[in-house]
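Report on the structure given below.
Just so you know, all these numbers are worked out from the coordinates, no wet-lab data involved. Keep in mind the model is a prediction, meaning the values are calculated, not measured. Here Cβ is always computed from backbone atoms with ideal geometry, including for glycine, and neighbour counts include all displayed protein chains.
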Amino acid sequence: MKISNGRVLIFLGVVHSLLGTSPYVFGKQFTGFAHKFYFRISEGLYELPILNSQMNYENFFAFWFCYFGLLLIPLGFLVEEIKQNSLT
C-alpha cells in the first residue's frame, strides 16, 4: 500500500482528535466543555486583551487542537478523491 498525501492528512486528523480529547492531554478542558454542553467554551469578547482581561489559553488551544484534527479528516478524503479523479 502506497502512502499518499490524503492518507497522511487523514492519519494526522485522527491523531489530533484522539490526542486532543485524551485525559492525558486536554481531558480537563474537554470535561469542562462537556459540562457546559459545548455551548459556552469561552467568555467570548470578555476575554480580549484589549478590554484588559485575561484569555484562557488552555481552553483556546484545546479547542483548536481538537477541531483542526476534525477538519483534516474530510480534507484528506477530498485530496484522495481529487488525486484519483485526476489520474483517470
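Assorted remarks:
- The string of couplings for region 73-86 from the Karplus curve (6.51, -1.76, 1.60, θ = phi - 60°) is 5, x, 5, x, 5, 5, 4, 4, 5, 5, 5, 5, 6, 7 Hz, one whole number per residue in order, with x for Gly and Pro.
- Residues of region 20-39 falling in the label zone of Tyr67, defined by backbone nitrogen less than 14 Å from a point 7 Å along Cα to beta-carbon, are 30, 33-34, 37-39.
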